[in-house]
Amino acid sequence: MRQWSCILPRRILLTVFAASRLFSETRAGVDFEQEVKPLIESACLRCHDADHDEGGLRLDSLHAAGESIVPGNAKDSSFYARMLLPADDEGAMPPDGPRIDPAQLEVVRQWIDDGANWPAEAKLTPRPRIDFVAHVQPILEINCVSCHNEEKAEGEVNLTTAEAVAAPDGLLVPFRPQSSLLYVVVSAAKDDPALMPPPDHGGPLAHEDVETLRLWITQGVSWPRDAKLKVRPRSEPSGRPSSPDDMELVRRIHAKIVANDRSRTDAEMQDYAAEVPQTGAPYEMVAIQGGEFEMGSPSEESGRQDDEGPQVAVRVDPFWIGKHEVSWDEYEPYMLTGIERMKNGTRKDFDWGRHTDVDAVSQPTTPYVEMSFGMGQYGYPAISMTQHAANKYCEWLSAQTGEFYRLPTEAEWEYACRAGTTTAYSFGEDPANLDDYAWHEANSEEKYQLVGEKKPNPWGLHDMHGNVAEWTIDQYVPDYFSRLKSGAENPFIRPTKLYPRSVRGGGWADGPELLRSAARRGSEAAWQQQDPQLPKSLWYLTDAPWVGFRIVRPLKTPSAEEMHFYWNCSSPKP
């Protein structure tokens, strides 16, 4: 990198430095919009908004936050107090991702002690949480540190430690990217002489990297005190292999979905049949009206397990759900492409000049064995995919159709399975009738069977009981029901670790107790025990030939950030 100060036009420098001085000298208090809102959006809102009120807590408005924020008294505000807890404490907030650092904590404390001013008109949206070590450090080490270190500090800028970056006035202004010289120069136009790094030194940065830096500054410039940056050669991987399947891709798919959205009401929803555009494989979706139901099983139900209660009334919004499981007809063309791929599923020959957004979606590497294990392919349910593979199938289908598909939540799955019933099965209490509705250990002949051969439930859904167990999007937690409050809307346990994830419905090798509407199961690492790869495959479960999935399409289109989460919550972390 060339010198920062000498390359920038004088008017830009004056504007940036004046803004930074104004910020430090005239600020009367904490600015909610610029300093508190970004922290809540990135660290809290994904679990605590109108759609995800985990633990009965919402943080999308001061009114919704209730007693968790006591204006004028930070020490008695659980919202602040839980941020102070050690990371391994069960009550710590946020429960995963980077911790709120001391400078950010001080902002929160001062804001609450000053009265917790929260404008009623403020609109909060979940944002990705930026981790310095995982997301920012690789960008700076690859692109900046070679010219801005202790021995070679061009423009008197040293980007190796938190202490060093604090020295130049205006280089990084917490919560204010537009006032931060670092952001100004990396976001400059390609033909702007202020651009850093310059074109002859690898610039400009990828849009995703620029956006990461912007969010990092917006969220307060968290930089661990013990983090010391070093030069990282461009040939050295910055983490996982690079991929065009990134947030920018999701934003383009989201824009296509929004443009295609016909804004139906639940009363206008209709069942529909469609084909996967690239392959012609047919699939059918059943319209499910939203509503409230008793989730879980009563204590007296035969075969009931402790993780199924206590029962609680919850409400789900309208959605469409697959009439039956995703079949090999739909899934195999996504899985077997004959294209060389990196382990993360990126095409080795990917070129934006030749390939489309659909091509950019990560797809499975070629399996080592025939994944139906001889049980049948056409017309049979697809099996043995990881939750990550199922999520990426949903993204792949969404990119083609302009309709948002994902895995169901546990609540959506059970609501659709019960189909208005309150009995152990959607057809009643007596497992003696299972043969009419399900393939299970007693009638399956030790293999899965053709989809849709058994009677449907009252809402027209086949194989909700048996044939193959089905992925949901939730983290599996044994105390799921104790976390819910009566009347919870669209409950969802957002995944924070790879195991266990929730699987529902039971499969061809299971007994009646696992086929009940409320029966739950958590995934295990043992489902990949025979996989010879190290690390284990992102795509295949060698030891779970009874796991498949079905898709849902919510009536309400979520934000691009939420779509990215649904499709990538099982992705390997850098």
Checklist entry - Would you say F565 is open to solvent by less than 30 Å² (accessible area, probe 1.4 Å), among the aromatic types (F, W, Y) and in contact (Cβ under 8 Å) with a residue 40 or more places away in the chain? => result no
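Can you tell me which residues in the range 372-389 are under 14 Å from L336 (Cβ atoms) and crowded, with 23+ Cβ neighbours inside 10 Å? Show your work before the answer.
Our first condition is that a residue be under 14 Å from L336 (Cβ atoms); within the range 372-389, this holds for 372, 377-378, 382, 384-385, 389.
Those that are under 14 Å from L336 (Cβ atoms) and crowded, with 23+ Cβ neighbours inside 10 Å: A382, S384, M385, A389.
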Next on the checklist: From the list G466, G428, exactly one residue is open to solvent by 10 Å² or more (accessible area, probe 1.4 Å) and without any contact (Cβ under 8 Å) to a residue 60 or more places away in the chain. Which is it?
Outcome noted: G428
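For the condition on the phi > 0 side of the Ramachandran plot and either in contact with a Pro (Cβ under 7 Å, 6 or more places away or on another chain) or touching a residue at least 40 places away in the same chain (Cβ under 8 Å) (or both), what is the one hit in G505, G511, G548, G522? Break it down stepwise before answering.
Details: G511 fails: on the phi > 0 side of the Ramachandran plot; G548 fails: on the phi > 0 side of the Ramachandran plot; G522 fails: on the phi > 0 side of the Ramachandran plot.
Residue meeting the stated conditions: G505.
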Checklist entry - If R494 passes every condition in (1) open to solvent by less than 20 Å² (accessible area, probe 1.4 Å); (2) at pLDDT 95 or above; (3) closer than 29 Å to S398 by Cβ but one, which one does it miss? => result (2)
Checklist entry - Could you give every pair whose Cβ atoms fall below 7 Å, whose first residue belongs to the range 485-501 and is closer than 14 Å to E414 by Cα, and whose second residue is open to solvent by less than 40 Å² (accessible area, probe 1.4 Å) and among the acidic types (D, E), counting only separations of at least 6 or pairs across chains? => result F492/D474
Checklist entry - Of the residues in the range 497-510, how many are part of a loop (DSSP other than H, G, I, E, B) and either in contact with a helix residue (DSSP H, G or I) (Cβ under 6 Å, 6 or more places away or on another chain) or open to solvent by 10 Å² or more (accessible area, probe 1.4 Å) (or both)? => result 8
Item to check | T472 being in contact with a Pro (Cβ under 8 Å, 6 or more places away or on another chain), in the same structural domain as H564 (by the TED database) and at pLDDT below 95 | outcome: no
Next on the checklist: Looking only at the range 274-312, count every residue that is assigned to a strand (DSSP E or B) and free of Cβ contacts under 8 Å to residues at least 12 places away in the same chain and tell me the total.
Outcome noted: 1
Checklist outcome for this item: For M375, the lone unmet condition from (1) in contact with a Lys or Arg (Cβ under 6 Å, 6 or more places away or on another chain); (2) at pLDDT below 95 is (2)
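Kindly provide the set of residues from the range 334-353 that are among the polar types (S, T, N, Q) and more than 25 Å from the chain's Cα centre (by Cα), ordered by number. Please lay out each step first, then the result.
Of the residues in the range 334-353, the ones among the polar types (S, T, N, Q) are 337, 344, 346.
Residue satisfying the conditions is T337 alone.
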Next on the checklist: For the range 256-273: of the residues being open to solvent by 80 Å² or more (accessible area, probe 1.4 Å) and either of a type in the set (F, W, Y) or in contact (Cβ under 8 Å) with a residue 24 or more places away in the chain (or both), which is nearest to E561 (Cα to Cα)?
Outcome noted: K256
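Within the range 129-138, identify whether any single residue is of a type outside the set (A, V, I, L, M) and in a loop (DSSP other than H, G, I, E, B), and answer yes or no.
Of the range 129-138, the ones of a type outside the set (A, V, I, L, M) are 129, 131-132, 135, 137-138.
Still in the running and in a loop (DSSP other than H, G, I, E, B): 129, 131.
Yes.
Have a look at A103, A81 and point out the one that is free of Cβ contacts under 8 Å to residues at least 24 places away in the same chain and not in a loop (DSSP other than H, G, I, E, B). Write out each step before concluding.
Values: A103 fails: free of Cβ contacts under 8 Å to residues at least 24 places away in the same chain.
Going through A103, A81 in turn, just one is free of Cβ contacts under 8 Å to residues at least 24 places away in the same chain and not in a loop (DSSP other than H, G, I, E, B): A81.
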Checklist entry - Within the group V136, V185, which residue is aliphatic (A, V, I, L, M) and closer than 20 Å to R99 by Cα? => result V136
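Can you tell me how many residues in the range 347-371 are open to solvent by 20 Å² or more (accessible area, probe 1.4 Å) and either in contact (Cβ under 8 Å) with a residue 60 or more places away in the chain or not in a strand (DSSP E or B) (or both)? I'd like the intermediate steps shown before the answer.
From the range 347-371, those open to solvent by 20 Å² or more (accessible area, probe 1.4 Å) are 347-357, 359, 365-370; that's our starting set.
So of that shortlist, the ones also either in contact (Cβ under 8 Å) with a residue 60 or more places away in the chain or not in a strand (DSSP E or B) (or both) come out as 348-357, 359, 365-370.
Counting residues in the range 347-371 that are open to solvent by 20 Å² or more (accessible area, probe 1.4 Å) and either in contact (Cβ under 8 Å) with a residue 60 or more places away in the chain or not in a strand (DSSP E or B) (or both) gives 17.
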Next on the checklist: So S302 passes all but one of these: (1) surrounded by fewer than 16 Cβ atoms within 10 Å (Cβ to Cβ); (2) touching a Phe, Trp or Tyr at 6+ places or on another chain (Cβ under 8 Å). Which condition number does it fail?
Outcome noted: (2)
Checklist entry - Restricting attention to the range 27-38, does a residue exist that is touching a Ser or Thr at 6+ places or on another chain (Cβ under 9 Å) and at pLDDT below 85? => result no
Item to check | Among residues of the range 450-494, those that are farther than 24 Å from H440 by Cβ, in a loop (DSSP other than H, G, I, E, B), of a type in the set (A, V, I, L, M) and touching a Gly at 6+ places or on another chain (Cβ under 9 Å), counted | outcome: 2
Checklist entry - Of the conditions (1) open to solvent by less than 30 Å² (accessible area, probe 1.4 Å); (2) in contact (Cβ under 8 Å) with a residue 40 or more places away in the chain, G91 fails just one. Which one is it? => result (2)
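Working only within the range 106-128, note down all residues that are open to solvent by 40 Å² or more (accessible area, probe 1.4 Å) and either in a loop (DSSP other than H, G, I, E, B) or not acidic (D, E) (or both).
Keep residues of the range 106-128 that are open to solvent by 40 Å² or more (accessible area, probe 1.4 Å), which gives 106, 109-110, 113-114, 117, 120-121, 123, 125, 127-128.
Within the range 106-128, R109, Q110, D114, N117, A120, E121, K123, T125, R127, P128 qualify.
The values are calculated or read from the model by the stated rules, or taken from the named source; none is laboratory data. None of these values were measured; they are calculated from a predicted model. No Cβ is skipped: glycine too gets one built from the backbone with ideal geometry, and neighbour counts run over all protein chains shown. Side chains included, ligands, DNA and RNA excluded: accessible areas come from the protein's heavy atoms. Shrake-Rupley method; radii C 1.70, N 1.55, O 1.52, S 1.80 Å.
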